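Novice: First the structure, which I've put down as structure tokens, then a few questions once you've had a look.
The values are calculated or read from the model by the stated rules, or taken from the named source; none is laboratory data. Owing to the predicted nature of the structure, the values given are computational and were not obtained by experimental measurement. Here the Cβ positions follow ideal geometry from the backbone for every residue, glycine too, while neighbour counts run over all protein chains shown.
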Amino acid sequence: MRPDQEIIQRWIEPDSRVLDLGCGDGSLLANLKLTKKVKGTGLEIDSDKIQTCVERGLNVIEQNLDAGLWNFQTDSFDTVLLAQTLQALSHPDQLIDEMLRVGRRGIVTFPNFGNWKSRVYLSSKGRMPVSKFMPHAWYDTPNIHFCTVRDFDALCKEKNIRILERTVVDLKHEGSLSMRLLPNLLGEIAIYHIARS
Amino acid sequence: MTKALDYFDPSVDYGNDLSKAFAGGDCKFLLVSFSTDWRFPPERSRELVETLLKAGREVTYLEVEADQGHDAFLMPIPRYINAMRGFLDNAYKELVNDAS
């Protein structure tokens, strides 16, 4: 299992209700179902990935996250996950609000644009960073709202959202002491556990 | 027949609350809607999804692109057929597991 998924798994209580926004092929949900016996549901728009979820016996709903979570009751889940999807949303701030309405807690992971590699790329080449991690050109990328660790901290503060835990990892999804000391500079993927105040 | 179809309302016996009508039992639900079906359009299926979620039921929902209108459900549209197969395979596996 990917170390970032391992971190997420640690934060999930056994037998809890989990909603995975942009669940992809359902690998994380399937794992949580197996190890934590969660009652899970995923939202996805890619038809092939939806089919994989169905074949895995997962509950999956075809739904565009930009339309919000209007069909979900307040407090109907214990944890709402948003893994590597935040930066592709039209209104990431609104979806965060929705996450914490529908769920008691949220887990958000995103690529940290404040990482030194992006900074060096932008300052030396003067162009939008393109890498193995962010392989798209600026004009055809699904990632329309990049942010940094400090940006997300600021958003949480503005929205009065409690950060229960925050950790950063590299592209191999491994953490280190230096990354803990300088998360915004060294972290490549940020992982947040958040809750309403 | 058409009249019976139009007047059918499973919420009548549950104080007009459809989610209460769905609350009993423990089966899972698969809903598939077709983009050009105006008899049972996707919006109504999304309403059903909302109601099932409110009732705390397990639900899977697909919106299939199809140009055959309401009759699409009679056609061997790969996305629809594959989802049905995947869903029923799992239902069968669960039955066998429960029995053993």
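Novice: Would you point out the residue of the stretch A:61-72, among those that are surrounded by fewer than 16 Cβ atoms within 10 Å (Cβ to Cβ) and part of a helix (DSSP H, G or I), that is farthest from the other protein chains (Cβ to nearest Cβ)?
Specialist: Filtering first and then ranking leaves A:D66.
Novice: Next question. Within the stretch A:149-190, restricting attention to residues that are among the aliphatic types (A, V, I, L, M) and part of a loop (DSSP other than H, G, I, E, B), which residue is nearest to A:T85 (Cα to Cα)?
Specialist: This residue is A:L171.
Novice: Based on this model, can you work out whether B:L95 counts as more than 9 Å from chain A (Cβ to nearest Cβ) and either in a loop (DSSP other than H, G, I, E, B) or surrounded by 14 or more Cβ atoms within 10 Å (Cβ to Cβ) (or both)?
Specialist: no
Novice: Sticking with this one: Select from the stretch A:150-166 the residues that are touching a Lys or Arg at 6+ places or on another chain (Cβ under 8 Å) and touching a residue at least 40 places away in the same chain (Cβ under 8 Å) and write down the one among them that is surrounded by the fewest Cβ atoms within 10 Å (Cβ to Cβ).
Specialist: A:L164
Novice: Sticking with this one: Filter the stretch A:35-55 down to the residues that are away from every other protein chain (no Cβ under 11 Å) and part of a loop (DSSP other than H, G, I, E, B), then identify the one that is surrounded by the most Cβ atoms within 10 Å (Cβ to Cβ).
Specialist: Top of the filtered list is A:V38.
Novice: For the stretch B:38-72, enumerate the residues that are touching a residue at least 12 places away in the same chain (Cβ under 8 Å), buried (at least 17 other Cβ atoms within 10 Å of the Cβ) and either in contact with an Asp or Glu (Cβ under 6 Å, 6 or more places away or on another chain) or in a helix (DSSP H, G or I) (or both).
Specialist: Scanning the stretch B:38-72 gives B:P42, B:S45, B:R46, B:L48, B:V49, B:T51, B:L52, B:K54, B:Y61, B:L62, B:E63, B:A72.
Novice: Suppose the filter is modelled with pLDDT of 95 or more and within 24 Å of A:P135 (Cα to Cα); does A:L58 pass it?
Specialist: So A:L58 fails the test.
Novice: Could you please find all residues in the stretch A:105-131 being in a loop (DSSP other than H, G, I, E, B) and within 19 Å of the chain's Cα centre (by Cα)?
Specialist: A:F113, A:G114, A:N115
Novice: Name every residue in the stretch B:23-37 that is within 22 Å of B:A83 (Cα to Cα) and either surrounded by 13 or more Cβ atoms within 10 Å (Cβ to Cβ) or in contact with a Leu (Cβ under 9 Å, 6 or more places away or on another chain) (or both), in order of residue number.
Specialist: Within the stretch B:23-37, B:K28, B:F29, B:L30, B:L31, B:V32, B:S33, B:F34, B:S35, B:T36, B:D37 meet the criteria.
Novice: Now, a different point. Looking for whichever is touching a helix residue (DSSP H, G or I) at 6+ places or on another chain (Cβ under 8 Å), surrounded by 18 or more Cβ atoms within 10 Å (Cβ to Cβ) and under 17 Å from A:S76 (Cα atoms) here; the options are A:L32, A:L28, A:L58, A:L21. Which one fits?
Specialist: Details: A:L32 fails: under 17 Å from A:S76 (Cα atoms); A:L28 fails: under 17 Å from A:S76 (Cα atoms); A:L58 fails: under 17 Å from A:S76 (Cα atoms).
Testing whether each residue is touching a helix residue (DSSP H, G or I) at 6+ places or on another chain (Cβ under 8 Å), surrounded by 18 or more Cβ atoms within 10 Å (Cβ to Cβ) and under 17 Å from A:S76 (Cα atoms) leaves just A:L21.
Novice: Quick check on the stretch B:4-14. Is at least one of its residues aliphatic (A, V, I, L, M) and either under 28 Å from A:E55 (Cβ atoms) or in contact (Cβ under 8 Å) with a residue 60 or more places away in the chain (or both)?
Specialist: No - not one qualifying residue is present in the stretch B:4-14.
Novice: Moving on to the next point. Quick one: which residue in B:A91, B:A21 is touching a residue at least 40 places away in the same chain (Cβ under 8 Å) and farther than 20 Å from A:S47 by Cα?
Specialist: B:A91
Novice: Quick one: which residue in B:Y14, B:Y80 is surrounded by fewer than 16 Cβ atoms within 10 Å (Cβ to Cβ) and among the aromatic types (F, W, Y)?
Specialist: Matching residue, one of B:Y14, B:Y80: B:Y14.
Novice: I'd like to check something: does the stretch B:29-37 contain any residue that is touching a residue at least 12 places away in the same chain (Cβ under 8 Å), closer than 30 Å to B:D89 by Cα and assigned to a helix (DSSP H, G or I)?
Specialist: Among the residues of the stretch B:29-37, not one is touching a residue at least 12 places away in the same chain (Cβ under 8 Å), closer than 30 Å to B:D89 by Cα and assigned to a helix (DSSP H, G or I), which makes the answer no.
Novice: Let me ask you something else. Looking only at the stretch A:115-148, which residues are within 14 Å of A:L86 (Cβ to Cβ), touching a residue at least 24 places away in the same chain (Cβ under 8 Å) and surrounded by 15 or more Cβ atoms within 10 Å (Cβ to Cβ)?
Specialist: A:N143, A:H145, A:F146, A:C147, A:T148
Novice: Does at least one position in the stretch B:75-88 carry a residue that is at the interface with chain A (Cβ under 8 Å from one of its Cβ atoms), farther than 20 Å from A:K49 by Cβ, assigned to a helix (DSSP H, G or I) and modelled with pLDDT of 95 or more?
Specialist: no
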